[in-house]
Structure formats: structure tokens, C-alpha cells
Amino acid sequence: MISYLQIENLTKSFGDLVLFENLSMGISQGDRIGLIAKNGTGKTTLLNIIAGKEGYDNGRIAFRRDLRVGYLEQDPAYPDNLTVIEACFHHGNEVIDLIKKYEICLQTPGNPNMDKLLSQMDMLNAWEYELKIKQILSELKISNFDQKVGELSGGQLKRVALANTLITEPDLLILDEPTNHLDLEMTEWLEGYLKRSNLSLLMVTHDRYFLDRVCSVIMEIDNQQMYTYKGNYSYYLEKRQERMEAANAEVAKAKNLYKTELEWMRRMPQARGTKARYREDAFYDLEKVAKKTFDTSSVELQMGASYIGTKIFEANNVNKKFDDLVILDDFSYNFSRYEKMGIVGNNGTGKSTFIKVMMGELAPDSGTIDLGETVRFGYYSQDGLEFDDQVKVIDVVRNIADVIDLGNGKQLTASQFLQHFLFTPETQYNYVYKLSGGERRRLYLCTILMTNPNFLVLDEPTNDLDIMTLNVLEDYLQHFKGCLIVISHDRYFMDKVVDHLMVFNGDGDIRNFPGNYTQYRDWKEFKEEEEKNAQKAKLAQVEDKDKHSKVRHNENRKMTYSEKREFETIEKDIDKLEAQKATIEDELCAGDLSVEELTKKSKKLSEINDSIDTKTMRWLELSEIEG
């Protein structure tokens, strides 16, 4: 198997914080690697180092020669004034750089190195680059190629960046949270695209279905070291548990032996022989194992919800639209106690707007919303809380409350509360700007839950959270004694926490589905298959009826006079064009044309081929009438 990338003894730290030390890993052709680690342990940093966007302290990184690498960043950025098409040409790659050289060459007197550039353009198929960009943008539901980047939503921008990355057809594709901001339809499109392709992958994602279905290798950064599992996410979970149990058993055994050896060390005189020195060296190695600790901590969301009454809220004939975009069309719904609703739908169908209308942040155009007196909302928005980067983590919580009431007479100080969210006493006194994206999200979640809401509204809560945090958040929401609305593109998360779905189909079409996302997807595929079979049966009936009617489609159609004249001459025209084509092909193969003549002849040949195709199609149409 061809080695694409080899990393040896890589070390990276920020001040006193060591992300990883002496980390080694390799990527070979055909590998599909999912990278897993807790927030703040260096996943994105490692990808940035591999992509050449960030430096490192020590170690060695070696790529295969001429390896094409594509990198989709977690939060891609482009100048706001660029159009969608211009954005796809903004970040340089081999093909784009070649196209720029070709355009410069055309404008330079004498066209220096044109022959070499033409050969490279042919080899890289650069002539059709823009067409390929438009094709893949269309597949990603981006159709307005002249729209300014500054006008795009987060999901649209992510799709443009994804198209920009995929169009280069890299040997190794690096993806940092590729499903963030993508709706379910696009996530499933990307999943299918990657499964069908031969690309080698290195990917960070919290989408566990995505990991399970796309990746064949899981790599985990834990305690500053890398562990590799040759299998998908389900296999990783099983083998990781075995590794942890074996490691704990090894430490327990070492601790027992360490007690015995420690007594020997204390009894032995200072002057020791060679054998004693050998045992002393072994003691220090044993001490390292015996004192090894494993970070098995997890987020403990043991928060009690405040009492919620039987009346929650009622939406009656609510309407909302922006110009011609209809979000809610005569929408009515009565929310019941302890209900857990999931909201799904493509980007742009109004899911977040619906939430804001329901919570009173946006006024409806008409209709009423009647809210229960006991309802206390906890709203986790997609944009998140804007923290002051120069504030310490603990002060973020203290600015809300010094003491947090957990219910049942239990209380926690701000510091104790933060420790439940994996913020150590040392981390609590760090400034916010030092936090990773996932740690910021965890802090934001902390500020929501500390108010003891009885109605949680979570808009894309899974973005940037690590899998470990998600597992515990899911467990908390399953046992949450209150109401829940969650918008999420994380299929696994939705399956775990909701009991029914509101499906937003656009134009105010909202349907209630009594089940989780996987059940909805199965039902949808079944309905689509039913409709497809019905369409096939209908088509077969039409064809059968047509076959038995014994009427030819053009039987009652006769050629006009002008069509007869055209039919008589069109064969001669095709023969002349074929002769011209053969002559130009011979001249191109002779190798004695100047660069200017070569360019001119190539353009002429393309025009002749188009004419032949057009006239041939016309000849076929006329021949059917004549027949």
C-alpha cells in the first residue's frame, strides 16, 4: 500500500499546555480515517499542521512526492465582495495556478512556453474546470453563481468551500467538521459522495453515523498520545473499552508490585551492586506505570429542571413570511408536557425563524401564541453567546450567579459548577480567548443550564462539541423533566433525544411525523420507492397502449418543401465538415505549426465538431419524418 503521509514524534504546545507529545501516525492510499478527541486536545491544530497552516515544536512530517491535498477548514472564509464562482478560484491550487499562467501567456507578446502550458492544461483537464465547478455547485444546491459571498448563509458558505475542495480531486482529503452547517440532505449527499469515491480521507467530525458509514480507521488522541483502531466507529467503541480495561488492569498490577519494591528501596543501603542498580532502574520504570492516570472525566449534567405546569404554549393560526418567502402558513400547535420535538428540514425553510417566533423574539404577521405561566425557557442559539475574550472563564459564570441552585436543596458555587463541565480550577482562571471552539460551546451550554429552565430550545447544539460531551448531553436530555425543541443536523443525536419530528418542507409546509429521524428517513425512502414504482407502471401502460395502437408518431406528418431541400443538402454539408476536420487533425499532428496557428486551429476544430453534432442531430430528426 502506497504511503501518502508519515508523521514521527510530533510535539505541539501552547505555553504550558501540551496538546500532544511525540505523536506518530501514518496515512496510506485508501485510508479513511476519523480523528476523535475531546475538545481542546488538538484535533483542529493537528489538521492545520498537516495542511501547512500552523507550525509545530518538534517532529517530522513527510508527504509522498506530488501528493495533492485538499483541506476543508472548520470555518472557511472568503472576501465578502467575491462572487460564488470567484470564490472557487480564490484559493490557489495546481489547476487554478496553471489557468492563471495560461491567461498571462496569452496576453504576453510571443506567447512564451505556450506549448508546455497547453500540454499541462490537457494533462490536468483544465479546460473544463469552470464547468466542473458549476456542476458540483449545482449538486450542492448552489445555483446563483454570481451571488456575493457576503450574502451567503453559513450553510451556503460551507457548501461553496466544500465544492472548492472537492473540485481539485485531491489524493488526500482533509475535512474539519464537514457536516457543520450542512442540512440533512447535504450531509447525506456528502456521505454518499465520499462512500462512492476513491479518495483517501482524514476527517474530524462529531457525526457518529457519518463516521460509522464512511471511515474504516479511527484514530484517537488521548492523554497526548495517538491510538489507532482498524475499523469504523462502532468497532472503535468496543476496542477502546477493551484498551481502557487492559490499561487499568496494568496500572493496578503495577501499583501492587510498586508497594513491594518501594519497601525494598527504603531498606537497601545507599551503596548497591550492579544487580541492585538494575533493580533500582526497573523500580523507576515501574513507578511511572503505577502513577499513570487516565482522564476518564466526563461532563456531568446533573441539573434539575424547575416545575412546569400542564399549560405550555399554544400556537393558533400563526403566519409569518418575508416578502415572498413563506415560513409559517396558518400554523397551529398545542405543546404538551414533557414533549421532546425535533425539527428537520433543508436550510432556508425557516427552522430558526420558527423558533424565534415561538419564543417571542420575532412577531408573527398574524395569529396568537399563548404561553404558560410556569414556562422558563433555556435558549441555546445557533450563533451562541458572545463572550468577552478578555474575561476569565469563572467570571462568565459569576456574572450570572455566584451560587447555582440545583433543586432539592442542593447548591454549587460557580467554581464547583464549572468543574461539572470539565473546567478544571486552572482552566477556570484562563481568559476566554484561550478556549477552543468546542470549549466555548461547552461554556455556553453551562450558562444556559445553570438557570434551571423547564423548556429547552436548542438550535444546532452539536456543532463543535466533542463526541464525549454529546454522549452525556444526550443522556441528560433523555432524562430531562421538561419540554424540549431541538434543531439539529446530527442524525444520531436526533434519534437519541426526540420522540417526534416537525418536518419543514418549505413554503410554510410543516408536517408532524410520529417518530425519530431514522424512522422518518425509512418512511420517506419507502414512499419515494412507491411513487417511483407507480410512475414506472403508469409509463408501462402508456407504452403498451401506444404499441397496440399501431400508429407511428410521424405517420400524419409530412415534410415541408423547405425541410425536403434541407434534407437533400445536409448530408453534403456533413461530408464537407468531416473532410475539414480530417485536414485540421493532420495539420495538428504534423508538429510544425506555430503557437499562434496551433491555438487558432484547435479553436476551429472545436467549432467544426460542434457543427457536425448539430447537423447530425438535425439529419436524424428529418429522417424520422421522411421515414
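The values are calculated or read from the model by the stated rules, or taken from the named source; none is laboratory data. The shown structure was predicted, so the numbers you read here are calculated from the model rather than taken from an experiment. Ideal geometry is used to build each Cβ from the backbone, glycine not excepted, and the neighbour counts take in all protein chains shown. Quick note on the areas: whole protein, heavy atoms, side chains included, nothing else; ligands and nucleic acids left out. Shrake-Rupley method; radii C 1.70, N 1.55, O 1.52, S 1.80 Å.
How much of Cys88 can a 1.4 Å solvent probe reach, expressed as accessible area in Å² and rounded to 10?
0 Å²
I'd like the projected area of the range 302-364, averaged over all directions, using the convex hull of its alpha carbons. Report it in nm² with one decimal.
That works out to 5.7 nm², a quarter of the Cα hull's surface.
Give the peptides 172-183, 420-431, 60-71 in descending order of average Cβ contacts within 10 Å, highest first. Show your work: numbers first, answer last.
Numbers: 172-183: 23.6, 420-431: 16.3, 60-71: 14.1.
The peptides rank, most packed first, as 172-183, 420-431, 60-71.
Students often check this: by mean Cβ neighbours within 10 Å, which of 342-352, 196-206 ranks highest, and how do the rest follow?
On the way: 342-352: 21.4, 196-206: 18.9.
Highest-to-lowest ranking by the protection proxy: 342-352, 196-206.
Quick check on packing: order 533-542, 610-619 by the mean number of other C-beta atoms within 10 Å, highest mean leading.
Numbers: 533-542: 9.8, 610-619: 13.5.
The densest-packed peptide leads the list: 610-619, 533-542.
Let me know the Kirkwood hydrodynamic radius for the chain, please, with Cα pairs as the basis and the value in Å to one decimal. Don't jump to the answer; show the numbers that get you there.
Numbers: mean 1/r = 0.0333 Å⁻¹.
In the chain this quantity evaluates to 30.0 Å.
Distance in nm between label sites at Tyr379 and Glu151, each 7 Å beyond Cα in the beta-carbon direction?
2.8 nm
Please go through the residue pairs Lys116/Lys581; Lys38/Lys481; Lys564/Lys615 and name each one whose alpha carbons sit more than 18 Å apart in this structure. Intermediate values should be presented prior to the final figure.
Working: Lys116/Lys581 24 Å; Lys38/Lys481 28 Å; Lys564/Lys615 15 Å.
In this structure, Lys116/Lys581; Lys38/Lys481 exceed 18 Å between Cα atoms.
Would you kindly compute the Cα radius of gyration of the range 191-233 and its largest Cα-Cα separation (Dmax), both in Å?
Expressed in Å, the Cα Rg and Dmax of the range 191-233 come to 11.1, 35.
Between Lys538 and His500, how high is the FRET efficiency from 1/(1 + (r/R0)^6) when r is the Cβ-Cβ distance and R₀ = 35 Å? Nearest 0.05.
Details: r = 34 Å, r/R0 = 0.96.
Here the calculated transfer efficiency is 0.55.
How large is the Kirkwood hydrodynamic radius of the range 75-171, counting all unique pairs of alpha carbons, in Å? Write down the numbers at each step before the final one.
On the way: mean 1/r = 0.0697 Å⁻¹.
Its Kirkwood hydrodynamic radius stands at 14.3 Å.
Checking a compactness column here: for the range 369-442, what do you get for Rg(Cα) / (2.2 N^0.38 Å), N being the number of residues?
Values: Rg = 14.5 Å, N = 74, 2.2 N^0.38 = 11.3 Å.
Dividing the Cα Rg of the range 369-442 by 2.2 N^0.38 Å gives 1.28.
Looking at the chain only, what percent of DSSP beta bridges run antiparallel? Nearest 5 please. Write out the running numbers ahead of the final one.
Details: 39 of 74 bridges.
Around 55 percent of the beta bridges assigned by DSSP in the chain are antiparallel ones.
Give me the aspartates and glutamates in straight-line cross-link reach of Lys311: C-alpha distance below 13 Å, same-chain residues under 8 apart excluded.
The reachable aspartates and glutamates, counting only those whose Cα sits under 13 Å from Lys311, are Glu339, Asp370, Glu373.
List the relative contact order of the chain as a percent without decimals, with contacts defined as Cα pairs under 8 Å and 6+ residues apart.
Working: 924 pairs, mean separation 82.1, N = 627.
Here the relative contact order equals 13 percent.
As a test question: what accessible area, to the nearest 10 Å², does Met123 have when a 1.4 Å probe is rolled over all protein chains in place?
150 Å²
How would Met244, Met468 line up by accessible area, probe 1.4 Å, largest first? Before the final figure, lay out each step's value.
Details: Met244 15, Met468 45 Å².
Descending accessible area places them as Met468, Met244.
Using a 1.4 angstrom probe on the protein heavy atoms only, line up Glu185, Glu439, Glu460 by accessible area, largest first. Could the numbers behind the result be given before it?
Values: Glu185 75, Glu439 35, Glu460 5 Å².
Result, largest first: Glu185, Glu439, Glu460.
Give me, ordered by chain and number, the residues 5 or more places off Gln382 or on other chains with an amide H under 5 Å from its own placed amide H.
Excluding prolines and chain starts, which carry no amide H, the hits are Asp459.
Which listed residue (Leu162, Ile2, Trp127) has the Cα farthest towards the positive end of the charge dipole for the chain, taking +1 on Lys and Arg C-beta and -1 on Asp and Glu C-beta about the Cα centre?
The residue sitting farthest along the positive end of the dipole is Ile2.
Evaluate 2.2 N^0.38 Å with N set to the residue count of the range 424-549, then give the Cα radius of gyration divided by it.
Details: Rg = 22.8 Å, N = 126, 2.2 N^0.38 = 13.8 Å.
In units of the 2.2 N^0.38 Å rule of thumb, it is 1.65.
With +1 assigned to the C-beta of every Lys and Arg and -1 to the C-beta of every Asp and Glu, and no other charges, what is the dipole magnitude of the chain about the Cα centre in debye, to the nearest 20? Don't skip to the answer; put the middle values down first.
Values: 80 positive and 104 negative charges, 468 e Å.
Roughly 2240 debye for the chain.
Round to the nearest 0.05 the FRET efficiency obtained for Leu237 and Ser28 when R0 = 25 Å and r is the Cβ-Cβ distance. Don't skip to the answer; put the middle values down first.
Numbers: r = 24 Å, r/R0 = 0.95.
For R0 = 25 Å, the calculated efficiency reads 0.60.
Between Glu531 and Asp75, what is the label-to-label distance in nm when each label sits 7 Å out along the Cα-to-Cβ direction?
3.9 nm
Ignoring everything but the protein chains, give the 1.4 Å probe accessible area of Tyr235 in square angstrom, nearest 10.
Its accessible surface works out to 80 Å², give or take rounding.
How high is the FRET efficiency between Glu566 and Ser606 when r is their beta carbon distance and R₀ equals 25 Å, given to the nearest 0.05? Spell out each step's value before the answer.
Values: r = 24 Å, r/R0 = 0.98.
Step by step, r from the Cβ atoms, then E = 0.55.
So how much slack lies between Leu82 and Arg60, counting 0.36 nm per residue of separation and subtracting their Cα-Cα distance, in nm? Write out the running numbers ahead of the final one.
Working: separation 22, 0.36 × 22 = 7.92 nm, distance 3.73 nm.
Length gained, Leu82 through Arg60: 4.2 nm.
Report the local net charge at Val149: Lys and Arg +1, Asp and Glu -1, summed over other residues whose C-beta lies under 9 Å from its C-beta.
Numbers: positive: Lys148; negative: Asp80, Glu86, Glu151.
My count for the surroundings of Val149 gives -2.
Helix-derived [θ] at 222 nm for the chain: sum -39500 (n - 2.57) over DSSP H runs of at least 4, divide by residue count, nearest 500? Display every interim value, and only then the final one.
Values: 20 runs with 284 residues, N = 627.
After summing the helix terms and dividing by residue count, I get -14500 deg cm²/dmol.
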